[in-house]
Amino acid sequence: MKQVNIKLENLGDIFPDNWTEEQRSKGKTLFLKRLSEKAHTHYGGKIQTAPKVPVPGFNWFNVWYTPGVSKVSTNIRDNNDSSFELSNRGNLVAVVSDSTRVLGDGDCTPPGGLGVMEGKVFLMKYLGGVDGVALCIDSKGPDGKNDPDKIIDFVKMCQHSFGAVNLEDISQPNCFKVLDVLREECEIPVWHDDAQGTACVTLAGLINAFKLANKKIGDAKIVLLGAGASNTTIARLLITDGADPKKMVVFDTKGGLHINRKDIEADNRFYRKWELCQTTNPNCIDKIADACKGADVLIALSTPGPDTVKPEWIESMADKAIVFPCANPVPEIYPYRAKEAGAYIVATGRGDFPNQINNSLGFPGILKGALMVRASKITDNMAIAAAHSLASYAEKRGINPENIVPTMDEADVFPVEAADVAMQAIKDGVARYQMTWDEAYNQAKKGIDYSRSFAHKMQDEGFINNPPQEMLTEALEWTIKAIEG
């Protein structure tokens, strides 16, 4: 194949003109996976460590290290809170995972999560001006089973080096216990992005989707496919923000959650699911096809598709149906098929489709807001405040069925979100440091602008090179062969 100038902005345009929509959708996934593999090999990962202080001469090592730094250590010894000012702790997040549920690939072994965790760190830095460290750990006990207490102990031991902890890709039911225990027992915010982050951005998308469809959250019939950390938390936040639990049905692999699910009641590890069994689905619906009839919303975070969600389910939904198939890396149904089945608004977790419901809109600003006021935890109210911040930001600049949430390239959304979260932390009484909204916005914007300028300067000066076009060409050739055989 002749080398062509390939840009990632419009992936569909790089494929042969005679390809069907299904081939293009599959081709995007294959192309991005192949390119990601090649690019990570080319650059040796995504993250490096860079100093934030100058070195005017080698004698300055005596200031940055011994003997001068002894004074820093004793100051922190006498006042532990000074570590937030005298070290990078106040802007540093640990991204912790046991890699037991990495995207749609399941247990990838502890080091298998590094690609995702480094990606989290990369986005925190570029989008939120927050530094991060990827920490993939082995949570297996002597019996070979993953032990949530090992994750809890690890985080509690290392919390004194960080301003916050982002939990990631921990399988259920362990993820429930890990988050709930650490939220109460750690001195710093512990955030589970798969759960709280997904719920925050999903709520943001629904707020604006309801506006466009002229529907109200309290009146909406909502179906959730999947009952893992994401959807159980989405259900909780939706109910907290006004959804009627009696009009909500949640499904796991065995059917609907309801009061007769004795298997869930008997296993106290799944207490979050049992809470939903007691409050939702009063009619004890067990078949999703039945639940979708007349439903206003279908949110899927389950088995990656593209045939997990059936078109006939969508056909049976109410007018102006809202469908969020958000499994990664492949949605439970491709957007074009959902639209063909009658969906009014479709959102996925993918950036190459319209309406990306992606955690990356949430966690950079949320963590930045929490760090700025030195919050002791991130409350559900803070996550809901972030959701309304995102929805309001998008509405002010204009929304339509193909554009219901901000995009990651709208840089100002993150300092606005950070400031709104910081104010909610103060209101909730979990902030150790007080500031005004304007102070929070300006501080967040300064940090984010610095991070982006630093990355662009490194690229402009040649310390970070652009990806070679031959790498993209090779990925395209490979993809075409894989699709066409």
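The values are calculated or read from the model by the stated rules, or taken from the named source; none is laboratory data. Quick caveat, the model's predicted, so the values are computed rather than measured. Cβ sites come from the backbone with ideal geometry, for glycine too, and all protein chains shown count toward neighbours.
Worth a mention:
- Criterion violated by Asp78 - all others in (1) modelled with pLDDT under 95; (2) over 27 Å from the mean Cα position of the chain (by Cα) satisfied: (1)
- Selection status of Pro354, assigned by TED's automatic domain parsing to the domain that holds Ala295, at pLDDT below 95 and over 23 Å from Gly228 (Cα atoms): yes
- Condition check for Ala318 on (1) at pLDDT 95 or above; (2) crowded, with 20+ Cβ neighbours inside 10 Å; (3) touching an Asp or Glu at 6+ places or on another chain (Cβ under 7 Å); (4) not aromatic (Phe, Trp, Tyr): one failure, at (2).
- Scanning region 74-96 for residues that are surrounded by fewer than 16 Cβ atoms within 10 Å (Cβ to Cβ) and charged (D, E, K, R) returns Arg77, Asp78, Asp81, Glu85.
- Within region 127-178, considering residues that are touching a Pro at 6+ places or on another chain (Cβ under 9 Å) and part of a helix (DSSP H, G or I), the one surrounded by the most Cβ atoms within 10 Å (Cβ to Cβ): Gly128
- Meets criteria (closer than 26 Å to Val165 by Cα and in contact (Cβ under 8 Å) with a residue 24 or more places away in the chain) for Ser453: no
- Filtered residues of region 270-319 (kept if under 23 Å from Gln172 (Cβ atoms) and either free of Cβ contacts under 8 Å to residues at least 24 places away in the same chain or in a helix (DSSP H, G or I) (or both)): Phe270, Tyr271, Arg272, Lys273, Trp274, Glu275, Leu276, Cys277, Gln278, Thr279, Ile288, Ala291
- Subset of region 5-53 [at pLDDT 90 or above, basic (Lys, Arg) and surrounded by 10 or more Cβ atoms within 10 Å (Cβ to Cβ)]: Lys33, Arg34, Lys38, Lys46
- Cβ-Cβ under 6 Å pairs, at least 6 apart or on other chains, region 105-131 side within 12 Å of Asn166 (Cβ to Cβ), far side hydroxyl-bearing (Ser, Thr, Tyr): Met117/Ser97; Leu123/Ser360
- Those residues of region 422-443 which are of a type outside the set (Val, Ile, Thr) and in a loop (DSSP other than H, G, I, E, B), in sequence order: Gly429, Arg432, Tyr433, Gln434, Met435
- Among the residues of region 87-126, those identified as touching a helix residue (DSSP H, G or I) at 6+ places or on another chain (Cβ under 9 Å), of a type in the set (Ser, Thr, Tyr) and assigned to a loop (DSSP other than H, G, I, E, B) are Ser87, Ser99, Thr100.
- Search result, residues across region 262-284 that are buried (at least 20 other Cβ atoms within 10 Å of the Cβ) and touching a Gly at 6+ places or on another chain (Cβ under 8 Å): Asn281
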